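Okay, structure first, notes after.
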Amino acid sequence: MTAIDIDGKAIAEEVRMEVAARSRRLKEDRGVTPGLALVLVGENPSSLSYVKSKGDTAEQAGLYSDTFRFPENTTQDRIISHVLDLNNDPRFHGILVQLPLPSQMSEGSVMGAIEPAKDADGVTATSLGRLMRGEPTPWPATPAGVVELLHRAGYPPAGKHVVVCGRSNIVGKPVANILMQKNDRANATVTLCHTGTPDIAEYTRQADILIAAMGVPHAITAEMVKPGAVIIDVGNNWIPDASRKSGRRLVGDVDYEGVREVAAAITPVPGGVGPMTIAMLLSNTVWLAE
């Protein structure tokens, strides 16, 4: 058995086309252009690349987007003050503060300054609380992308045993909460594993759908996967590679070459979950404008 690749690029393009159509309708029917504000602190190369990609993709989908950049040594109070200004700026329906933030800042304090009605990435305590309760709210973009991939690729989670590896506030916890809920997008039985789980393979081998979001390169190997499982790799790890001009390459949390010989379907890295994250961020922004 060799796994089918789940093409995140193609599915993300479908979502972006739908977002563009929704954006056009808002302009035509209500004279509203959905707006996304991006806040970037520091010069982290990956963050710079992510924010540029988000801004460019937003504009291609017909949204208005602006990026606000601040030096690494900016104070937390300055960033919070700017976020509060954006809360009151009618040009923007969604706000995203790019992570990670510099060490002098509290992520919770900065994210907590975002008005929940403009929380494009579903990261505020209010948004996450509503998610857990099953109430309408923007879902964090990466978990939303995972759910969208499963449905559009033909692997709905209802009735399946989903094992989530990782308990972060932006992927593991929210995707587990989403998939256990009683609705037609979810209805899965969910097990959440983490660094404190003894013999994690005992659980991963039970998964019909395995979601790897650990931040550890190649943590999931073929021996840890049930034959015929669907594998969603959220990992985004740089490892040394002397054969590349850059001296490094991007890999996931799953040993792709080994696991694809066991699984039924798998998301590659890059080209799997990553494109979906941006697409769902734009979808959230338009939803907030709507």
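The values are calculated or read from the model by the stated rules, or taken from the named source; none is laboratory data. What you see is a predicted model, and the numbers here were worked out from it, not measured in a lab. Positions of Cβ are backbone-derived with ideal geometry, glycine not excepted, and every protein chain shown enters the neighbour counts. Ligands, DNA and RNA are excluded from the accessible area calculation, which covers all protein heavy atoms including side chains. Shrake-Rupley method; radii C 1.70, N 1.55, O 1.52, S 1.80 Å.
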Testing the spin-label approximation: label points 7 Å from Cα along Cα→Cβ at SER106 and PHE70. State their distance in nm. 1.5
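Could you compute the FRET efficiency for GLU28 and GLU115, with r as their C-beta to C-beta distance and R0 at 30 Å, rounded to 0.05? Don't skip to the end; give the middle numbers.
Details: r = 27 Å, r/R0 = 0.89.
Step by step, r from the Cβ atoms, then E = 0.65.
Suppose we keep just the DSSP beta bridges with both residues in the chain; what percent of those would be antiparallel, to 5?
Around 10 percent antiparallel, to the nearest 5.
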For ALA21 and GLU290, compute 0.36 nm times the residue count separating them, minus their Cα-Cα distance, and round to one decimal in nm. 95.6 nm
What is the dipole size for the chain, taken about its Cα centre, with +1 at each Lys and Arg Cβ and -1 at each Asp and Glu Cβ, in debye to the nearest 20? 260
With springs connecting C-alpha atoms under 10 Å apart, model the chain as a Gaussian network and identify which of ILE209, ILE278, ILE80 has the largest mean-square fluctuation. ILE80
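Can you compute the helix-only [θ] at 222 nm over the chain? Use -39500 (n - 2.57) per DSSP H run of at least 4 residues, normalise by all residues, nearest 500 deg cm²/dmol. Please list the in-between numbers first.
Details: 10 runs with 111 residues, N = 290.
Taken over the chain, the calculation gives -11500 deg cm²/dmol.
Probe radius 1.4 Å, ligands and nucleic acids ignored: give me the carbon and sulfur share of the accessible area of the chain as a rounded percent. Show your work: numbers first, answer last.
Values: 6760 of 13180 Å².
Reported share for carbon and sulfur atoms: 51 percent.
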Beta bridges per DSSP with both ends in the stretch 193-290, % antiparallel, nearest 5: 35
The stretch 157-188 and the stretch 196-249 have their Cα centres apart by a whole-number Å value of 18
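Multiply the residue separation of GLN206 and GLU13 by 0.36 nm, subtract the distance between their alpha-carbon atoms, and state the gained length in nm to one decimal.
Values: separation 193, 0.36 × 193 = 69.48 nm, distance 3.23 nm.
That pair, GLN206 and GLU13, stretches by 66.2 nm at full extension.
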Heavy atoms only, 1.4 Å probe, whole protein assembly: order HIS194, HIS82 by accessible area, highest first. HIS194, HIS82
Residue-level accessible surface for TRP238, protein heavy atoms, 1.4 Å, Å²: 120
The chain accessible area per residue, 1.4 Å probe, protein heavy atoms, integer Å², reads 45
Using the basic label-point model (7 angstrom from Cα toward the beta carbon), what is the ASP241 to ASN183 distance in nanometres? 3.8
Tell me, what HN-Hα J-couplings in whole Hz come from the Karplus equation 6.51 cos²θ - 1.76 cosθ + 1.60 at θ = phi - 60° for each residue of the stretch 232-240, using x for Gly and Pro? 10, 9, 8, x, 8, 10, 9, 10, x
